[in-house]
Amino acid sequence: MANKVELSSNMEVRLKQLADLVKGEVRGETQLVITGVAGVREARPGEITFLANPKYVSDLSNTRASAVVLARGCPEELLHTLETGKVSVVLVEEPYFAFSQIVRFFHAQPYRPLGISPLASIGKGVKLGKDLSIHPFVRIEEHAQIGDRVTLYPGTFIGEETEIGEDCLIYPNVTIREKIRIGKRVILHSGTVIGSDGFGFATREGKHHKILQVGTVEVEDDVELGANVTVDRAALGKTVIKRGTKVDNLVQIAHNVVIGEDCLIVAQAGISGSTELGHHVILAGQVGVVGHLKIGEGARVGAQSGVAQDLPSGETVSGSPTMPHRKWLRVQAALPGLPEMRKQIRELEKKIQALEEILNRKEGNS
Amino acid sequence: MANKVELSSNMEVRLKQLADLVKGEVRGETQLVITGVAGVREARPGEITFLANPKYVSDLSNTRASAVVLARGCPEELLHTLETGKVSVVLVEEPYFAFSQIVRFFHAQPYRPLGISPLASIGKGVKLGKDLSIHPFVRIEEHAQIGDRVTLYPGTFIGEETEIGEDCLIYPNVTIREKIRIGKRVILHSGTVIGSDGFGFATREGKHHKILQVGTVEVEDDVELGANVTVDRAALGKTVIKRGTKVDNLVQIAHNVVIGEDCLIVAQAGISGSTELGHHVILAGQVGVVGHLKIGEGARVGAQSGVAQDLPSGETVSGSPTMPHRKWLRVQAALPGLPEMRKQIRELEKKIQALEEILNRKEGNS
Amino acid sequence: MANKVELSSNMEVRLKQLADLVKGEVRGETQLVITGVAGVREARPGEITFLANPKYVSDLSNTRASAVVLARGCPEELLHTLETGKVSVVLVEEPYFAFSQIVRFFHAQPYRPLGISPLASIGKGVKLGKDLSIHPFVRIEEHAQIGDRVTLYPGTFIGEETEIGEDCLIYPNVTIREKIRIGKRVILHSGTVIGSDGFGFATREGKHHKILQVGTVEVEDDVELGANVTVDRAALGKTVIKRGTKVDNLVQIAHNVVIGEDCLIVAQAGISGSTELGHHVILAGQVGVVGHLKIGEGARVGAQSGVAQDLPSGETVSGSPTMPHRKWLRVQAALPGLPEMRKQIRELEKKIQALEEILNRKEGNS
């Protein structure tokens, strides 16, 4: 059972070939042999690296890498330094994207089906696609459907009548409850739970009566959910995560939430019930969004913010309550001065009182 | 293995019968045939719906539902609009509670025992109740006790000497460690961990020495814990979650915490060690409570708040540090004005200086 | 299968022997028979207790314990009260550490290997140490290495080529992905995931392209990770948790993070990608740290804080953005006064305007 990405590689390639792959331009030795890809600090001779963050530009001068991917338009001075150090350069429009292609070139492995382990347990009426990799201790309940080339790692649970699309990769100990629909090429990391009951109770005379959560969850194509994420099934209707959205670890997605396409939801964020996010929304880490809101397309919310009202499309906000991000930066800059401000106000009050007394005296005198 | 709630139903019932069930009054056709229950937007002809949130009142005018549950005392205008649209109404005291009963009417299924899977592993001396549903890949350790009609889904672990009460429903991949006591009718969602070691270390010369966590956890009757919740066992003594309390996903409950009856703890909240919550406390999402506090009965804490001192009964607080919720609203409203306030203070200082100079000049002149 | 800590004990020991064990001094009956250890409130006659928190000093006067561990230098008055109540005292330098030793004395159990369950699934080429305890439904993938005396509870997954050091204790439903290195005496609580893919995407024309995460994770000796923790594998290179660090439940550790030795990371904290923590750093509950930062040795961050810039060694900070903790306390104390301050500023403006008008009038008059 070995169908995962190989972490090392014996591939060799000329720098020119890599440059062609990423539509880049070589500055240096086009015929250089490149044997792998690594971080700026870890790279060894023969390897190619890239600059992930301008913060690390100084690391470049010490790198042992033989080549580096950089953005077109980077300072000539930097190129000169690298030339002096005999580091070849590949100039591209989007270095991070080019880097992702190079990593994929060296590390992507073709999918190889492992078959169905005799230690898996598969219920009656389950429809199985072809070329599957079903590991030991997987349980698939009655009438579920598993698409072609799906990988189910050990400890995965697929509920009754749930459908898993083609080419999904489901890591160990994932739980997908009954009647859920998972699209194609979805990646689910370990410990993630899809279709748990939403948090719905009708309180009467101080007691909380469970509202049966009889809706479902739809996870569309090309979604990736991190580890230990929770996605609750709808009370009625469905919770939806649309095509291409990526969710980090330990995120909470409540019942009846709808997340648009190509969103990024960073670790430990939480979205309360029935809130709808448009496409391309970004929630940074530990953000909380209250229920029944509409977050417009392309809105971005800064880390640890608390969103308590609808956000228009394209807004960038921070804070709790949220405000425009630039305003929030000014507020945060002012905040440490608050005790001093309070002191200043008291002093101003005293000075004004003194002035008033002087004037009153004068009035009295005059 | 199919003992979970059916998500669709072929039931049919007259509107009058549903109204009787929820002690409501029909305005419209008492003999209407109702075939199911659905959300305002999703409901089709023949279905009944309800108004979950006043925000959605406008959706009612477009609903295709044949009937709707509303609160007695709702605006006559709304009733008139619905009458015009041929939507029958059931008026009740508590629409949300009535709705929960109607969902249950259409969707609740009687429990059917599935027996004990030959792929489960059951230790020596385990006491098993009757009419159980024990799925494949469940492991029950020595001397545990499982009550009647308990469902243990795949991947569930029950530790040594742990007791599970009657009618519990434990979803896939739940871990319940050794010597834990779970009451009756408890629902535990997937990935939840009960009885992990509390975070207790004695630090000496910079090294952290583990304090064995030799206490336990008691989860009383009718508690429900969401997905990926963590409840640590006590250092000594016990961590307790009392009757009827409902906990949402990804909540942290530390060692020796005591949570009263009928509390609601919303997603991603965290309660530090030895803190005690009274009955009917509500912690909103992402709240943090520091250790060794007492939170009084009926206290409510707003989302993302940080509770750092005891709270009296009945208080509603927000913020970090917490303050009365209404005060917090005013502080939050003032906060975006902080940079402007700082500017105003500087201007006031200048003006006062100018006034002082004028007066000084006058003094000098006079 | 019963190799876990026994929660009760039939041991008996003289108080003098316990005092010798913890290098303490007895005030009272040295020959007292002690039968166990318990909390101040729960202790019964014959048991020894300790004072965990000065908050609970009043509980001591009601304890039924026969002996108590206290710090040298505690008030003579307290000692007198205990003497009157016939409670013997053991005086020590570090009561919490002494307590941890006493708990261990009564409750630690020697490790007893359970062997390898026939219901475990072990891949080709796996190297198994001796005296193992491998429970049912454990899956170990090809070419993994398991050190001597390792315990793997049910539902644990060990990925291909992963190495687990000696004496590790891995609780149920833990996932350790491929090519990870776990040191010796590491404790991993249930639901924890090590080596899930980091959250890395190159966005191009609004679509997020996965960057294969081809790095690894190293967890050094004596680390303990709580329940439902997530530790992502590096994009390239490795994510590292160094010797002796203790991590609480539901913590997120992103790709390429490096955590120093003997750190304490409290529940629900999150550390973003590539951030490095020095030794002895403490992050309190629900703290968030943004990516690519350096947190100096011994820095301490207060609960719910958001760290957005490098922290020097030894700093104690709070807030978001963080500021020195004492300053933050003053800011938090001032915060509820903000609406009042705004009002005061308005009043000051009016008063100054009035003064200006008086002066202008005078100018005009003169």
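The values are calculated or read from the model by the stated rules, or taken from the named source; none is laboratory data. Just so it is clear, the structure is predicted and the values come from calculations on it, not from any experiment. Positions of Cβ are backbone-derived with ideal geometry, glycine not excepted, and every protein chain shown enters the neighbour counts. The protein model used for the area step is the full one, side chains on, heavy atoms only, and it has no ligands, DNA or RNA in it. Shrake-Rupley method; radii C 1.70, N 1.55, O 1.52, S 1.80 Å.
So the values come out like this:
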| item | result |
| --- | --- |
| Area accessible to solvent at C:Val22, 1.4 Å probe radius, in Å² | 10 |
| Heavy atoms of B:Ser133 accessible to a 1.4 Å probe, total area in Å² rounded to 10 | 0 |
| Per-residue SASA entry for C:Cys74, accessible area with 1.4 Å probe, Å² rounded to 10 | 20 |
| Copy-to-copy label separations for B:Arg326, where each label sits 7 Å from Cα toward Cβ, in nm and ascending | 3.8, 3.8 |
| Amide hydrogen neighbours beyond the local backbone of C:Ile282, cut-off 5 Å, H modeled | C:Leu264, C:Ala299, C:Arg300, C:Val301 |
| Cα centroid of the range C:263-317 to Cα centroid of the range C:71-149, whole Å | 28 |
| Inter-label distance, nm, simple model (7 Å from Cα along the C-beta direction), B:Thr84/C:Ala308 | 5.1 |
| Amide H contacts under 5 Å for A:Ile34, placed H, 5+ residues apart | A:Val13, A:Arg14, A:Leu15 |
| Volume per residue of the C-alpha convex hull in the range B:225-366, rounded to whole Å³ | 136 |
| Antiparallel bridges, percent of DSSP beta bridges restricted to the range A:236-366 (to nearest 5) | 10 |
| Distant-in-sequence amide H partners of C:Met323 (H built 1.01 Å from N, under 5 Å) | C:Ser318 |
| Dipole moment magnitude, nearest 20 debye, the range C:209-366 about Cα centre, only Lys, Arg, Asp, Glu C-beta charged | 740 |
| DSSP beta bridges in chain A [antiparallel fraction, %, rounded to 5] | 15 |
| Share, in percent, of DSSP beta bridges within the range A:119-267 that are antiparallel, nearest 5 | 10 |
| Stretch gain in nm, segment B:Asn53-B:Glu357, where the contour uses 0.36 nm per residue and the Cα spacing is subtracted | 103.3 nm |
| Choice from C:Ile352, C:Ile34, C:Ile211 with maximal GNM fluctuation in chain C (Cα, 10 Å cutoff) | C:Ile352 |
| Farthest positive-ward along chain A dipole, Cα basis, beta-carbon charges - from A:Val37, A:Met11, A:Val301 | A:Val301 |
| Residue of C:Val13, C:Val301, C:Val138 that the Gaussian network model of chain C assigns the largest fluctuation, springs spanning Cα pairs under 10 Å | C:Val13 |
| Over 19 Å (Cα to Cα) - which of A:Lys124/A:Lys210; A:Lys362/C:Lys351; B:Lys184/B:Lys246 fall in this group | A:Lys124/A:Lys210 |
| Förster-model FRET efficiency, 35 Å R0, B:Gln31 and B:Thr316, C-beta, rounded to 0.05 | 0.15 |
| Vicinal HN-Hα couplings computed from phi for the range B:313-321 (Karplus, 6.51 cos²θ - 1.76 cosθ + 1.60; Hz; Gly/Pro x) | 4, x, 5, 10, 10, 8, x, 9, x |
| Pseudo-label separations to other copies for A:Arg14 - Cα-to-Cβ vector, 7 Å, nm | 8.7, 8.7 |
| Pseudo-label separations to other copies for A:Val33 - Cα-to-Cβ vector, 7 Å, nm | 8.0, 8.0 |
| Electrostatic dipole magnitude of the protein assembly as shown [Cβ: Lys, Arg +1; Asp, Glu -1; Cα centre; debye, to 20] | 960 |
| Karplus-derived 3J(HN,Hα), 6.51/-1.76/1.60, for each residue of the range A:268-275, Hz, glycine and proline x | 6, 6, x, 10, 7, x, 6, 6 |
| Tensor-based shape of chain C (alpha-carbon gyration tensor, a/c under 1.5 rounded, otherwise prolate or oblate) | oblate |
| Extended-chain gain in nm, criterion 0.36 nm per residue less alpha-carbon gap, C:Tyr111 and C:Thr203 | 28.0 nm |
| Accessible heavy-atom area order of C:Ser305, A:Ser274, highest first, probe of 1.4 Å | A:Ser274, C:Ser305 |
| Unit charges on C-beta of K, R, D, E only; dipole of chain B, Debye | 660 |
| Additional length obtainable on full extension of the chain from C:Gln17 to C:Glu77, 0.36 nm per residue less Cα span | 19.0 nm |
| GNM flexibility winner over chain B from B:Ala303, B:Ala284, B:Ala334 (Cα, springs under 10 Å) | B:Ala334 |
| Average beta-carbon neighbours from other chains, 10 Å sphere, peptide C:328-337 | 6 |
| Helix-only [θ]222 nm of the protein assembly as shown, DSSP H runs n ≥ 4, -39500 (n - 2.57) each, per residue, nearest 500 | -6000 deg cm²/dmol |
